[in-house]
Amino acid sequence: MKKLINQPEQIIDEMLDGIVSASPSSVRRLEDTTVLVRKDAPVDGKVALISGGGSGHEPAHAGYIGKGMLDGAVSGEVFTSPTPDQVLEAIKATDSGSGVLLVIKNYSGDVMNFDMAAELAEAEGIETAQVIVRDDIAVDDPENRRGVAGTIYVHKIAGAKAETGASLEEVQATAQKVIDNARTMGVALSPCIMPTSGEPGFELADDEIELGIGIHGEAGIEKRKQMTADEIAAELVERLLPEVDLADQDEVAVMVNGMGATPEMELHVFNRKVQDLLQEKGVKVYDTIVGNFMTSLEMAGCSLTLLKLDDELKELLDAPSHAAAFKK
Amino acid sequence: MQLTVEDTIQWLKQFNDRLSEQKDYLSQLDRAIGDGDHGINMARGFQQVAEGLDGDFDEVSDVLKKTATTVMSKVGGASGPLYGTAFLKMSMECKGKDVDAAVLADMVEAALGGIKQRGKSEEGEKTMIDVWAPVLGTLQEEDFDAERLKQTAEEAMQKTEDMTATKGRASYFKEKSQGHLDPGAVSSYYLFAELADVIGKGA
């Protein structure tokens with residue numbers, strides 16, 4: 001398997017240094033850690049936002065560090081949650097005394113490691129709060145739903161809220177509002193290859209796609225024979241709309257997210273049909289983004305996220321962001 | 001029976017060797033119903049544990065505490081907090097004590113409680129708990145027998161094959177998780193098999 005890497009064991013370390021090299025004026029790395037933070041962290045009088053998780057989802061999460069979004073991001077090994085000591089370093093480096101909000105995707109490893117870090121932070125007298133993102137409707141039980149691309153909206157909107165000088169409790173409430181109103185579903189066309197083993201992360205036949213796939217290739221709803229972009233768009237819109245619970249005047253934000261190996265050309269083909277379908281159904285679209293926001297190495301496929309907006313969420317979505325992967 | 005500091009170090013070194021040998025097998029089990037990294041993460045973490053065991057330790061509790069902190073900071077994923085918590089609870093339970101059969105049972109009980117709390121999980125959900133719980137049962141009920149400890153762990157591990165996962169990444173596979181061993185149950189079996197081996201040799 002051809003990959004643009006050196007030693008597989010060095011990938012995370014070398015990637016992190018590379019990210020800093022690309023944004024030396026806005027991001028720095030905490031020495032001997034896998035933590036990147038805003039260059040000016042801790043930011044006085046502001047609640048800090050920290051996110052993180054396994055690597056392999058770039059630009060998530062370090063790409064979202066910057067004024068208006070995250071204060072810090074913690075990177076684990078590929079698809080492996082980072083450890084509590086690393087998360088604690090991120091908390092300590094970003095806390096200005098106003099507290100730290102941990103944005104956690106609902107995977108057992110992430111939840112446990114961030115939870116342990118929060119306990120360690122508490123022991124050091126640092127106030128933290130948590131939100132757990134669960135936007136993936138492919139899982140039936142809402143409590144068990146995975147956190148996927150909707151996480152980016154949490155970073156953007158809660159990050160903008162924190163810039164207003166809001167309290168930890170207020171920033172947490174806004175983040176929770178985003179989580180309560182964001183729904184995502186994905187589809188995989190081909191698996192990703194794990195850099196350490198060189199093996200595919202999961203099996204998918206050449207003529208098959210998997211609906212409802214997770215961002216590490218976790219089982220979705222079902223495998224289907226290959227479908228067209230329009231058919232996939234119809235399937236995802238059909239499944240998402242009942243979950244978003246829209247009233248007449250409600251507006252939505254739309255995110256078409258590439259999984260890593262799908263050309264933007266195809267994402268736009270897909271988005272065109274999504275927009276047509278939403279219009280047909282009378283859904284008002286306030287904002288659309290198309291690109292690679294939450295990837296799974298070189299998995300081919302995409303996800304569709306719908307976020308129901310109110311006035312507060314619209315204003316915060318429109319607020320400026322300096323993050324390298326989400327300039328606004 | 002008696003578990004000394006030297007026994008504990010030997011146990012953890014043998015566990016590390018076993019994980020290193022079985023790394024690919026564990027990852028292969030994990031690829032079927034998880035994300036394929038259990039073997040790599042456990043082997044990486046316990047390699048560091050083994051390298052840190054050459055110092056001086058006053059009591060078993062100290063060895064286990066060092067193990068806990070290394071596991072928590074080096075393993076990652078879900079296994080790091082779960083095994084880290086297990087070793088931490090065992091360490092706390094035997095602090096200042098010589099480890100005999102009764103203390104060992106108390107240690108496993110404390111560890112199991114910690115795993116359940118950290119993982120918000122119970123027996124029958126196709127996890128490592130399904131090995132730890134029967135092992136605790138055998139340690140509490142009967143006079144210590146190394147061979148029976150190993151056998152109990154092995155049988156319990158085998159039983160996870162037919163279970164349906166309701167916790168962790170395997171739960172997304174629902175009934176399709178049946179027919180696969182739980183990787184965490186298999187690594188837990190290795191842990192107790194090596195413990196039985198070390199104690200069996202010492203007896």
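A short reminder: the numbers here are calculations on the coordinates, not readings from a lab. None of the values given here were measured: they were computed from a predicted structure. So basically every Cβ, Gly included, is an ideal-geometry build from the backbone, and we count neighbours across all protein chains shown.
By a straight-distance test (C-alpha under 20 Å), which lysines pair with residue B:95 as possible cross-link partners, with residues fewer than eight away in the same chain excluded? Counting by Cα, and skipping residues close in sequence, residue B:95 has these lysines nearby: B:65, B:66. For residue A:129, the residues whose modelled amide H falls within less than 5 Å of its own, excluding neighbours fewer than 5 places apart on the same chain, are A:100, A:101, A:102.
Dipole check for the range B:69-190: with +1 at the C-beta of Lys and Arg, -1 at the C-beta of Asp and Glu, and the Cα centre as origin, the magnitude is about 900 Debye. D for the range A:77-127, whole µm²/s, Stokes-Einstein with Kirkwood Rh over alpha-carbon pairs at 25 °C and 0.890 mPa s: what number? Translational diffusion coefficient: 221 µm²/s. Start at zero, step by 5 Å, and the Cα-Cα distances of the range B:22-82 spread as 4, 19, 25, 20, 15, 9, 5, 2, 0 percent across the bins.
Most tightly packed first, judged by the mean number of other beta-carbon atoms within 10 Å of their residues, the peptides A:247-258, A:212-223, A:182-193 read A:182-193, A:212-223, A:247-258. When each of the peptides B:43-53, B:24-34 is scored by the mean number of other C-beta atoms lying within 10 Å of its residues, the order from highest to lowest reads B:24-34, B:43-53.
Peptide B:39-46 shows a mean partner chain C-beta count of 2 within 10 Å per residue C-beta. GNM, chain A, Cα, under 10 Å: largest mean-square fluctuation among A:122, A:264, A:210? Comparing A:122, A:264, A:210 in the GNM, the peak value goes to A:122. Considering every Cα-Cα pair within the range A:1-105, what fraction, in whole percent, is farther apart than 24 Å? Cα-Cα pairs in the range A:1-105 separated by more than 24 Å: 17 percent. Annotation: amide H of residue B:99 within the under-5 Å range of B:3, sequence separation 5 or more or interchain, hydrogens built in the peptide plane. For the range A:268-328, the gyration tensor built on C-alpha atoms gives an oblate shape. Its axis ratio a/c (a ≥ b ≥ c) is at least 1.5, and a/b is not larger than b/c. Rg and Dmax of chain A, both derived from C-alpha coordinates alone, stand at 18.8, 55 Å. When all alpha carbon pairs of chain B are counted in 10 Å bins from zero, the resulting P(r) reads 10, 38, 39, 12, 1 %. 3J(HN,Hα) along the range A:280-288: 4, 8, x, 8, 8, 9, 8, 7, 10 Hz, from the Karplus curve 6.51 cos²θ - 1.76 cosθ + 1.60 with θ = phi - 60°, whole Hz, x for Gly and Pro. Straight-distance candidates among the lysines for linking to residue A:177, with alpha-carbon spacing under 23 Å and chain neighbours fewer than 8 residues away dropped: A:46, A:67, A:105, A:156, A:161, A:284, A:308, A:314, A:327, A:328.
Peptides A:64-71, A:38-45, ordered by how many other C-beta atoms sit within 10 Å of their residues on average, highest first, read A:64-71, A:38-45.
For chain A, set up a Gaussian network in which alpha carbons nearer than 10 Å are linked by springs, and say which option among A:97, A:147, A:54 fluctuates the most. With Cα springs under 10 Å in chain A, the top fluctuation among A:97, A:147, A:54 is at A:97. Peptide B:25-31 shows a mean partner chain C-beta count of 2 within 10 Å per residue C-beta. A Gaussian network model of chain A, with springs between Cα atoms under 10 Å, assigns the largest mean-square fluctuation among A:167, A:81, A:25 to A:25. On a per residue basis, the convex hull of the C-alpha atoms belonging to the range A:182-314 measures out at 101 Å³. Listed by chain and number, the aspartates and glutamates placed with their C-alpha closer than 19 angstrom to that of residue B:116 are A:110, A:115, A:119, A:143, B:93, B:106, B:125, B:130, B:182; residues fewer than eight positions away on the same chain are left out. Charges were assigned to the Cβ only: +1 to each Lys and Arg, -1 to each Asp and Glu. The resulting dipole of chain A about its Cα centre is roughly 800 debye. Taking Cα centre as origin and charging only the Cβ of basic (Lys, Arg, +1) and acidic (Asp, Glu, -1) residues, the dipole magnitude of the range A:182-314 rounds to 80 debye.
Between A:267, A:219, A:322, the Cα set farthest toward the positive side of the dipole of the range A:191-328 (charges on each charged residue's Cβ, about the Cα centre) is that of A:322. Of interest is the spacing of the C-alpha centroids, which for the range A:32-106 and the range A:158-207 amounts to 15 Å. Against chain B, whose longest principal axis is taken from its Cα atoms, helix B:79-93 shows a tilt of about 30°. Which shape class, rounded, prolate or oblate, goes with the range A:101-181 when its Cα gyration tensor gives a ≥ b ≥ c as root eigenvalues, a/c under 1.5 marks rounded, and past that a/b bigger than b/c marks prolate? Oblate is the answer for the range A:101-181, as a/c is 1.5 or above yet b/c matches or exceeds a/b.
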